[in-house]
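Please read the structure below before turning to the comments.
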Amino acid sequence: MNSTQVHQVREFLDGKQAHYIYLAYSNAYCSEKIQGCEYALERTLIESVLVNITHDDRTETVMIIVPATRRIDLDSLKKIWATTRIEFVGKQQAQHLFPDDEMGALPPFQHFYPGMRLFYSHELFQFQDINFCIGNQAERIKMPLNDFLAVAEPMTCIEVATIAKYKIEVAQVFPQDKRGVLQQSGHCMLGFSLQSQSFAPAKLAGMAEWISRHFSECSVLIGDGIHRITLEINGTPVRYAANRALRMGREVIDGDAVIFNRHQRECRFHVISTAELQKTDSYHYYHQSLSRLFDEDDKFKASVMLFAQEFVGNRFQQDPGRLEYCRRLSCDYLLEEVAITALLIQQGVFVFVYPGTLTIMQELSLGQHPGAPQEFNQLVSVNIRQKRR
């Protein structure tokens, strides 16, 4: 969408006396960077989805506004419109209809689409505020839901079923003979890394959906206590890192509640601040045990150091002192995370779920570090992968 069209959208909203905030990003931002720095906005992002409906005598293209974390279940639309053929509009047709706009970034207002019917999902009512892209990912409007609904008239609300936009698959289970835990409807823990794209709202929605199908209870471990280390590595002064990490954790706990609440009938989600767990005597016992093991066991130390090297990567190559310091911080990060895991195992939660690979958890579950706390003999590590539907 060019600047003239952006002006038209804002002029339309101003004419309706709608309350809104206009957000624009510089050209230096790619879409992934925008998503990474605007995690809070991604939770309330809505998008315009184009669908072709085949009637007896014609095919009609309609627009449906849904939360951007969700994907429309086409079977539910077939029931609403009493037809057997409904499909998403493909890229080629969308570019023909709207050559100046990116897919998913069409302004969600009837005013701009004369002759096309627009609908909005009832799921929008879970939000107090919403935001949407205007033509591309770099320009957005944020506004109260009530203002949006007032401006959206004459759009119609429909109760369309949705599924998470990301599908979750099991990559590996360690030990392999424990794969049956996925059919036992037990209790798992999900390690939540702050500021990681693996936990962006759309992907988190997919994980919550998957967990609710396999477990009856889940402890979501928000890494606010250990994220101070990541912030320090990335340049935040030590005196500010801890408080900033705690604020970020609280934002996630409050902001992502709607994602977990959606599945509370199938699975009881407990969202836990790891900073609180790290105040307990049990945590300190496990952390001290693992720190001693790190100092005394070469194999365990090598495994932790390998994580640190990968975590820091190629940064600070020109500053050996800083590089070494950050690698040590990364070792501290992993030791704290593993101590938190031991504490949950002690409390009866044996299954650790994580998107991607955390090698140390695999090794502990396989008994490759016999000097580690005995609780890890019960650990089952489940690595999952995320695929866009």
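The values are calculated or read from the model by the stated rules, or taken from the named source; none is laboratory data. Source: prediction; values computed, not measured. With ideal geometry, Cβ positions are generated from the backbone for all residues, glycine too; neighbour counts draw on all protein chains shown.
Structure data summary
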| item | result |
| --- | --- |
| Breaking point among (1) surrounded by 14 or more Cβ atoms within 10 Å (Cβ to Cβ); (2) touching a strand residue (DSSP E or B) at 6+ places or on another chain (Cβ under 6 Å); (3) assigned to a loop (DSSP other than H, G, I, E, B); (4) not acidic (Asp, Glu), for Thr357 | (1) |
| Filter result (of a type in the set (A, V, I, L, M), surrounded by 14 or more Cβ atoms within 10 Å (Cβ to Cβ) and without any contact (Cβ under 8 Å) to a residue 60 or more places away in the chain) within the range 279-305 | Val304, Met305 |
| Filter result for the condition that a residue is at pLDDT below 95 and not in a helix (DSSP H, G or I), over Gln318, Gln386, Gln368 | Gln318 |
| Subset of the range 183-201 (residues that are within 15 Å of Ile384 (Cβ to Cβ) and touching a strand residue (DSSP E or B) at 6+ places or on another chain (Cβ under 7 Å)) | Cys188, Met189, Leu190, Gly191, Phe192, Ser198, Phe199 |
| Criterion (part of a strand (DSSP E or B) and under 21 Å from Pro355 (Cα atoms)) met by exactly one of Val271, Val304, Val252, Val258 | Val271 |
| The range 341-354: number of residues that are in contact (Cβ under 8 Å) with a residue 40 or more places away in the chain, touching a Phe, Trp or Tyr at 6+ places or on another chain (Cβ under 9 Å) and surrounded by 22 or more Cβ atoms within 10 Å (Cβ to Cβ) | 6 |
| Pair list, Cβ under 8 Å, 6 or more apart: the range 40-59 residue without any contact (Cβ under 8 Å) to a residue 24 or more places away in the chain and not assigned by TED's automatic domain parsing to the domain that holds Gln195, other residue assigned to a strand (DSSP E or B) and crowded, with 18+ Cβ neighbours inside 10 Å | Thr59/Ile53 |
| Among (1) buried (at least 16 other Cβ atoms within 10 Å of the Cβ); (2) of a type in the set (A, V, I, L, M); (3) within 21 Å of Phe132 (Cα to Cα); (4) modelled with pLDDT of 90 or more - the single one Ile21 does not satisfy | (1) |
| Residue that is nearest to His187 (Cα to Cα) [pool: residues in the range 355-381 that are more than 18 Å from the chain's Cα centre (by Cα) and β-branched (Val, Ile, Thr)] | Val380 |
| Residue pairs meeting the criteria (Cβ under 6 Å; at least 6 apart or on separate chains; first assigned by TED's automatic domain parsing to the domain that holds Val51 and of a type in the set (Asp, Glu), in the range 75-96; second surrounded by 12 or more Cβ atoms within 10 Å (Cβ to Cβ) and modelled with pLDDT of 90 or more) | Glu87/Asn52 |
| Answer from Cys188, Cys133, Cys157 - the residue that is more than 23 Å from Leu23 (Cα to Cα) and not assigned by TED's automatic domain parsing to the domain that holds Leu334 | Cys157 |
| Residue that is over 20 Å from Val49 (Cβ atoms), among the hydroxyl-bearing types (Ser, Thr, Tyr) and buried (at least 19 other Cβ atoms within 10 Å of the Cβ), where the choices are Ser198, Ser193 | Ser193 |
